[in-house]
Amino acid sequence: MKKDFLKYQAQTSPYPLGMEVSHAEGSYIYDNNNKRYLDFVAGVSAIAVGHRNKRVNDAIKAQLDKYSHVMVYGEYAQDPAVAYCKLLVENLPAPLDKVYLVNSGTEAAEGALKLARRVTGRSQLISCHNAYHGNTMGSMSVMGFEERKQVFRPLIPDVDFITFNNNADLQKITTKTAGIILESIQGGAGFIQPENGFLKKVRERCTEVGAVMIVDEIQPGFGRTGKLFGFENYDAVPDVIIIGKGMGGGMPVGAFVAPSHMMDLLSHDPKLGHITTFGGHPVIAAACLATLQEIIENGLMAQALEKEALFRTLLVHPLIKEIRGKGLMLAAMTEKPEITDKVILQCQDEGLILFWLLFEGRAIRITPPLTISEDEIREGCGIVLKVLDSVMDDMRS
């Protein structure tokens with residue numbers, strides 16, 4: 001299978017990990033030799049409630065027995081999507097009260113950027129250095145990492161960048177700005193949290209100049225930081241949020257959420273201001289509803305903070321310089337990328353899945369399912385410490 005994987009599937013890097021997956025359950029993935037791997041990555045934060053979660057699987061199967069795709073998004077009232085959007089809005093602060101369901105996080109980012117221009121009639125967009133909001137052309141235009149986008153230029157024009165947590169840069173948000181897009185916790189940059197009320201100051205500046213504040217919750221969202229969404233930790237309610245990853249219990253999905261008076265503008269002048277065939281797909285919406293119910297009803301948000309504390313207690317080692325992030329969105333930082341590479345690869349050999357961050361080579365990604373148990377955390381951290389000891393021994397010899 002690995003040979004055919006490399007031959008027939010387009011690759012995203014020269015050296016994919018290439019594990020041949022047999023099945024997955026809970027916090028574990030199994031390969032074709034039935035070796036089990038404890039999953040500290042959760043499909044890059046996407047498997048919020050564990051692999052093959054029974055509630056999610058049952059919802060998918062039940063919906064398949066009723067109907068799957070019947071009409072393009074926005075034309076028919078379909079119970080899974082309606083019920084999901086209602087429950088989501090009931091758990092969001094005002095004025096975030098209308099949801100546009102799409103197929104992925106990057107599509108959600110595209111819709112949010114379009115909405116900012118439609119609402120304001122302005123063209124300038126602002127993002128942050130080292131930001132990541134997806135890989136389609138609009139999302140790439142607001143990616144703050146030139147190395148990844150240079151060969152694809154020209155991208156969309158009138159985009160400027162500021163530095164995350166730099167208050168002086170907020171003066172770049174002016175009456176010419178349609179919107180600023182930023183992550184509530186910077187993901188690819190190294191799980192960097194807002195400091196000194198930065199998100200609140202962005203909110204105040206946007207209100208002052210009439211710009212739209214878009215917050216990317218694709219990684220921090222759905223309970224990972226101890227709140228349903230990351231921005232709720234920082235006393236700032238944006239105009240638009242974009243969501244995905246952990247939203248669908250492993251199914252491909254995204255959405256952007258905004259006040260009705262903004263979102264309604266997409267329906268006219270012109271009509272069909274944003275359209276999608278498969279957005280709001282009933283089978284995926286059923287999975288989203290079951291996932292959100294599971295997170296809300298089972299106390300997973302509060303548990304994320306308790307599990308964070310356990311990780312921080314256990315992951316103490318001379319080669320770990322700090323642990324960044326919040327809840328179960330954590331990055332263990334080493335001195336240099338070479339150490340991180342060895343740890344990630346050797347941990348996979350030992351039966352533990354870790355992964356990298358996009359732009360910060362020193363970071364070891366730790367984003368397990370929210371349902372991971374304390375015993376499983378202890379098991380995985382034991383493997384990490386064992387591998388770190390081995391790497392340190394090699395460095396000394």
Those residues that are open to solvent by 20 Å² or more (accessible area, probe 1.4 Å) and part of a helix (DSSP H, G or I), I need them from the range 311-346; list them, please. Arg312, Thr313, Leu314, Pro337, Glu338, Asp341, Lys342, Leu345, Gln346
Matching residues in the range 264-283 (outside any loop (DSSP other than H, G, I, E, B) and out of contact with any Pro (no Cβ under 9 Å at 6 or more places or on another chain)) number 4
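Here is a yes/no grid of residues against (1) open to solvent by 20 Å² or more (accessible area, probe 1.4 Å); (2) part of a helix (DSSP H, G or I):
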| site | (1), (2) |
| --- | --- |
| Ala236 | no, no |
| Ile241 | no, no |
| Gly250 | yes, no |
| Ala285 | no, yes |
| Ala290 | no, yes |
| Glu306 | yes, yes |
Exactly one of (1) under 22 Å from Glu360 (Cβ atoms); (2) under 18 Å from the mean Cα position of the chain (by Cα); (3) in a helix (DSSP H, G or I); (4) not charged (D, E, K, R) is unmet by Val151. Its number? (2)
Looking at the structure I just gave you, is Ala168 assigned to a helix (DSSP H, G or I), among the hydrophobic types (A, V, I, L, M, F, W, C) and either in contact with a Leu (Cβ under 8 Å, 6 or more places away or on another chain) or in contact (Cβ under 8 Å) with a residue 40 or more places away in the chain (or both)? no
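Within the range 1-85, considering only helices (runs of 4 or more DSSP H) that don't extend past its boundaries, which have at least 3 residues that are on the phi < 0 side of the Ramachandran plot?
The helices (runs of 4 or more DSSP H) meeting that bar are 2-8, 54-64.
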Please specify each residue of the range 292-301 satisfying the condition of being in a helix (DSSP H, G or I) and exposed (fewer than 13 other Cβ atoms within 10 Å of the Cβ). Glu297
Taking Ile377 as the residue in question, decide whether it is outside any strand (DSSP E or B), open to solvent by less than 20 Å² (accessible area, probe 1.4 Å), touching a Leu at 6+ places or on another chain (Cβ under 8 Å) and over 17 Å from Ala42 (Cα atoms). no
From Glu208, Glu195, Glu232, which residue is touching a Pro at 6+ places or on another chain (Cβ under 9 Å), surrounded by fewer than 23 Cβ atoms within 10 Å (Cβ to Cβ) and either on the phi > 0 side of the Ramachandran plot or at pLDDT 95 or above (or both)? Glu232
Out of everything in the range 67-98 that is exposed (fewer than 13 other Cβ atoms within 10 Å of the Cβ) and among the charged types (D, E, K, R), what residue ends up being nearest to His274 (Cα to Cα)? Glu75
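The values are calculated or read from the model by the stated rules, or taken from the named source; none is laboratory data. Quick caveat, the model's predicted, so the values are computed rather than measured. All Cβ positions, even for glycine, are placed from backbone atoms using ideal geometry, and neighbour counts span all protein chains on display. Heads up: the accessible areas ignore ligands, DNA and RNA and are worked out on the full protein's heavy atoms, side chains in. Shrake-Rupley method; radii C 1.70, N 1.55, O 1.52, S 1.80 Å.
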